[in-house]
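Remarks on the structure that follows.
The values are calculated or read from the model by the stated rules, or taken from the named source; none is laboratory data. Keep in mind that what you see is a predicted model, and the values were worked out from it rather than measured. Using ideal geometry, Cβ is built from the backbone for each residue, glycine included, and neighbour counts are taken over all protein chains shown. We work out accessible area using only protein heavy atoms, side chains counted, and drop any ligands, DNA or RNA first. Shrake-Rupley method; radii C 1.70, N 1.55, O 1.52, S 1.80 Å.
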Amino acid sequence: MSCLIALEYFDNGMLPIPIKDKMALVKWANYRETRPERELVDYWFKNFQDARIGLITGKVSNLLVLDVDGQEGINSIKGKELPETVTSKTPRGGYHYYFRFPSALNSVPTTLTNILPKVDVRGNGGYVVSVNGHNDYTWIKSPYDFQIAEAPTWLVDLLQKQNKAPNRAT
């Protein structure tokens, strides 16, 4: 089932990779900057039939994902504008909010942990676990029914500010 879902994502512009326990099952470093061919995605998922689906984030896929973990993460973004966008629920009560990757972030690291308490971002060089037929991640707002929105200004500003912080290890 994962193969069909992965190919459906690919056909809709997303870049799926097979994962297990949040770890990639294939060497995917080349695909942080270039798109894999459909045949390669098909090959991956036919060879890892029980794999979950990861979606590559960043400029290459035009995805920036805000990963909000549990109630503490929800509290961290309370009061911040979140446009209506593709959203999934994670197994531990968190959310993934999918945004278009902003060109203003092309040259800064965008895969960062704890940009706010229990809030991570996945962008260039990253991926997220996606809805994959295993019933642990579910769409709240599916990419088939909703558009992926522009990233909110506060998030873009926060990422730019994080990267200007003195002594920031990336």
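Here are some notes:
- Accessible area of region 1-135 divided out per residue, in Å², using a probe of 1.4 angstrom: 50
- Length available on full extension from residue 100 to residue 12: 0.36 nm per residue minus the Cα-Cα distance, which gives 30.3 nm.
- Extension gain from residue 81 to residue 114, taking 0.36 nm per residue of separation minus the Cα-Cα distance: 10.0 nm
- Pairs from 89/164; 22/89; 20/89; 22/141; 141/164 whose Cα-Cα separation, in the structure shown, is over 27 Å: 89/164; 141/164
- Residue 44 sits with roughly 20 Å² accessible to a 1.4 Å probe, with DNA, RNA and ligands left out of the calculation.
- Carbon and sulfur %, accessible surface of region 46-170 computed with the full protein complex present, 1.4 Å: 45
- Cβ-defined net charge surrounding residue 104, 15 Å radius [Lys, Arg +1; Asp, Glu -1]: +2
- Answer label for Cα Rg over 2.2 N^0.38 Å (calculated), chosen among [x] 0.99; [y] 1.49; [z] 1.05: [x]
- Mean separation of Cα contacts under 8 Å, 6 or more apart, over the residue count of region 30-170: relative contact order %: 30
- Between region 91-121 and region 1-66, the Cα center-to-center distance that results, in Å: 18
- For a straight C-alpha distance cut-off of 20 angstrom, the lysines reachable from residue 161 (same-chain residues fewer than eight places away being disregarded) are 59, 78, 80, 118.
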